[in-house]
Amino acid sequence: MSLSTTPKRYGSLSIGLHWVMLLLLVAVYACIELRGYYPKGSDPREALKTWHFMLGLSVFALVVVRLVARMMSTTPPIEPNPPKLQTLSTKLMHLALYALMFGMPLAGWLLLSAAGKPIPFFGLHLPALISQSKDTAEFIKEIHETGGTVGYFLIGLHAVAALYHHYVVRDNTLLRMLPSRA
């Protein structure tokens, strides 16, 4: 397994970051969805919310690593070469996914800051980014919740597109991001 990208596939760093990010996003969404099964103020509900915050901030940290890795690497070409409109839609989808992975944790951090709540991060308490304001917190909460809903669609569409490329178009789009069997 090569750390760097080859003409046929992404490097192991890019592949590993991609799949770790997926697992983190699943965990972030699971925590916030599962919290609804517990009464407000209960220990399990509060624990799930705390994990949601910490895992969300982990996404924020890893997306920075992903961006740096992406800028230092090339992208293996899709074979056969896709139409230009498809290439444009791919770029727009990746831009939207990066905006989600960067914007949602940042919005969560801003929300906790505006609500005057602690910002936990695995034993650390991060500083507030803005001053406390109930109106600002409500506004950011709406944005964060809407972004979460949009995220379901973006992630789902990304997965469906990968499967479409693999099983219908039969190009190497998905294969470039799968871990090597060697």
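Rounded to the nearest 10 degrees, the angle from helix 43-71 to the longest Cα principal axis of the chain is 40 degrees.
With the cut-off at under 15 Å, measuring from each backbone N in the range 4-28 to a point 7 Å along the Cα-to-Cβ line of E79 picks out 6-10. Each label was represented as a point 7 Å from its Cα along the Cα-to-Cβ direction; for V20 and A47 these points are 2.5 nm apart. Compared with the alpha-carbon gap, the fully stretched path from T146 to Y38 is longer by 36.6 nm at 0.36 nm per residue. For N172, the residues whose amide H sits under 5 Å from its own are E79, ignoring neighbours fewer than 5 places away on the same chain, with H placed 1.01 Å from N.
Could you work out how much longer the chain between K117 and L178 gets when fully extended? Use 0.36 nm per residue separation minus the Cα distance between them, nm to one decimal. Don't jump to the answer; show the numbers that get you there.
On the way: separation 61, 0.36 × 61 = 21.96 nm, distance 3.97 nm.
So the chain would gain 18.0 nm between K117 and L178.
With a cap of 14 neighbouring Cβ atoms within 10 Å, and only residues DSSP puts in a loop, list the trypsin sites (Lys or Arg not before Pro) found in the range 30-59.
Numbers: sites: R35, K40, R45, K49; in loops: K40.
In loop regions of the range 30-59 (DSSP not H, G, I, E or B), the sparsely surrounded trypsin sites (Lys or Arg not before Pro) are K40.
Assuming charge only on the beta carbon of Lys and Arg (+1) and of Asp and Glu (-1), the dipole of the range 1-59 about its Cα centre is about 160 debye to the nearest 20. Whole-Hz Karplus values for the range 136-147 come out as 5, 4, 5, 5, 5, 4, 4, 4, 5, 5, 5, x Hz, taken residue by residue from phi with 6.51 cos²θ - 1.76 cosθ + 1.60 and θ = phi - 60°; glycine and proline positions read x. Net charge dipole, the chain: roughly 460 debye, given to the nearest 20, about the Cα centre with Cβ charges of +1 for Lys and Arg and -1 for Asp and Glu. Amide H contacts for L126 (H built 1.01 Å from N in the peptide plane; partners 5 or more residues away or on another chain; cut-off under 5 Å): I119, F121. Label sites at L129 and A61, each approximated as a point 7 angstrom past Cα along Cα to Cβ, lie 1.6 nm apart. Qualifying chymotrypsin sites (Phe, Trp or Tyr not before Pro) in the range 112-161, where qualification requires a DSSP coil assignment and no more than 13 other C-beta atoms within 10 Å, comprise F122.
The trypsin sites (Lys or Arg not before Pro) of the range 142-182 that DSSP puts in a loop, and whose beta carbon has at most 12 other beta carbons within 10 Å, are R170, R181.
No value in this document is a laboratory result; all are computed from the given coordinates. This is a predicted model, so every value here is computed, not measured. Every residue, glycine among them, receives a Cβ derived from its backbone with ideal geometry; neighbour counts consider all protein chains shown.
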